[in-house]
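Shown next, in structure tokens, is the structure this report addresses.
The values are calculated or read from the model by the stated rules, or taken from the named source; none is laboratory data. These numbers were taken from a predicted model, which means no experiment stands behind them. A quick note on method: Cβ atoms are made from the backbone with ideal geometry, for glycine too, and the neighbour counts reach across all protein chains shown. Side chains included, ligands, DNA and RNA excluded: accessible areas come from the protein's heavy atoms. Shrake-Rupley method; radii C 1.70, N 1.55, O 1.52, S 1.80 Å.
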Amino acid sequence: MTTMARITTTTVAEGRARAEAEAPAQAKAGGPGQVAPPLESPKRESEIRRHELAGFLRSRRARITPEQVGLPRGRRRRTPGLRREEIAQLSAVGVTWYTWLEQARDIQVSVQVLDALARTLLLDSSERAHLFQLAGAIDPSPAASCQTVTPALRLMLEKLEPLPACIQNSRYDILAYNRTYGRLLCDLDTVAPEDRNCMVLICTNEQWRKSFVFLEDTIRLMAAKFRGSMAGHLGEPAWELLLKRLEDESPEFREAWQLHEVVGTRSKTKYFRNAHVGPLSLVHTDLWLGPDQGARLVTYTPADEESRERLDRLQELAPAVAS
């Protein structure tokens with residue numbers, strides 16, 4: 001190779017190297033022909049969310065009195081509302097971890113923890129939605145994730161009265177119901193939307209539980225049906241969250257769950273003690289709304305003439321506006 005060729009080759013190589021080295025700097029500085037990428041944007045957005053979440057948690061904590069959550073006030077309480085350690089204890093999370101959350105530290109928050117915090121802080125549906133949005137998480141509660149109940153389905157529920165009827169999904173969330181169903185087992189209108197779940201109600205709602213003549217057998221049967229339904233949803237947060245809640249709050253469910261029993265859906269006669277009209281014998285029927293056995297229309301028809309008359313009276317007692 002000649003001297004001129006070597007010089008030319010070296011010059012080209014050096015020029016290419018300098019160009020490659022300068023390109024990132026030009027891009028970062030917004031050089032000629034380049035637009036600076038928003039490298040800080042996602043990080044900045046995450047930081048803003050964390051600070052908003054921290055402020056929201058502090059404000060909700062400050063408004064709750066110890067008496068509202070069953071704690072003694074004590075003499076030496078300077079903090080307005082609850083202390084951080086009290087929120088952590090009631091939510092079953094570590095004090096240090098919750099403190100970091102209120103300090104806007106960059107930590108991961110599970111939907112289970114967010115659900116526990118929402119309950120401890122006595123958040124309403126709008127505040128709960130805001131909490132999950134700030135945390136960048138999807139709320140698995142039925143109030144947030146249920147499919148849309150169409151006007152046609154609501155009209156169907158209304159026209160079925162005085163027969164009690166509701167629409168449930170495979171997780172036993174009650175998505176909509178008519179007036180008679182709303183007074184069949186408890187005053188369902190007073191139950192928070194996130195608690196309108198047949199599994200939760202049979203395990204935790206005293207009025208609902210008193211309405212079942214054979215409570216122990218019903219819990220065992222429903223645990224077996226729930227296990228069968230959950231097989232198609234293993235690992236899904238909403239199902240795992242519901243299962244954990246049932247195991248934590250109901251010894252009866254825990255005992256039934258450990259039996260590993262599974263049963264399918266079938267029609268059967270159920271016996272209730274209604275607080276307004278007395279004993280009822282009703283035939284339970286499921287009508288599936290789609291091919292995947294997800295949402296279904298649940299109806300109760302009277303098994304005898306006495307129950308038919310009592311359902312008529314129950315409809316008269318129900319409020320004029322359906323769910």
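Glu216 sits among other residues whose Cβ lies under 12 Å from its own Cβ, and their net charge, with Lys and Arg +1 and Asp and Glu -1, is -1. Given 20 °C and 1.002 mPa s, compute D for the stretch 218-323 with the Stokes-Einstein relation, Rh being the Kirkwood radius over Cα pairs; round to the nearest whole µm²/s. Result for D is 132 µm²/s. Taking all protein chains into account, the per residue accessible area for the stretch 81-220 stands at 43 Å² (1.4 Å probe).
Find the percent of Cα-Cα distances in the stretch 148-289 that exceed 25 Å, and round it to a whole number. Here the long-distance tail beyond 25 Å is 26 percent of all Cα pairs in the stretch 148-289. One decimal place: the segment Ala129-Glu309 gains 60.6 nm when fully extended, by the rule 0.36 nm per residue minus the C-alpha distance. Rolling a 1.4 Å probe over the protein chains gives Trp257 an accessible area of about 30 Å². Among 217-225, 181-189, 43-51, sorting by the average number of other beta carbon atoms lying within 10 angstrom of each residue, highest first, gives 181-189, 217-225, 43-51.
Model label points for Arg154 and Arg76, set 7 angstrom from Cα along the Cα-to-Cβ axis, are 5.6 nm apart. Protein-only accessible surface at a 1.4 angstrom probe places the residues Leu90, Leu153 in the order Leu90, Leu153, largest first. Only the Cβ atoms of Lys and Arg (+1) and of Asp and Glu (-1) were treated as charged; on that basis the dipole of the stretch 107-248 about its Cα centre amounts to roughly 340 debye.
Under the simplified labelling scheme, the Val283-Glu255 pair shows an inter-label distance of 3.3 nm, with each label point 7 Å from Cα along Cα→Cβ. The GluC sites (Glu not before Pro) of the stretch 224-323 meeting both criteria, a DSSP state outside H, G, I, E and B (loop) and at most 16 other C-beta atoms within 10 angstrom of the site's C-beta, are Glu261. With θ taken as phi - 60° and the Karplus curve 6.51 cos²θ - 1.76 cosθ + 1.60 applied, the whole-hertz 3J(HN,Hα) list for the stretch 65-78 is 8, x, 5, 5, 10, x, 9, x, 6, x, 8, 9, 10, 9 Hz, x standing for glycine and proline.
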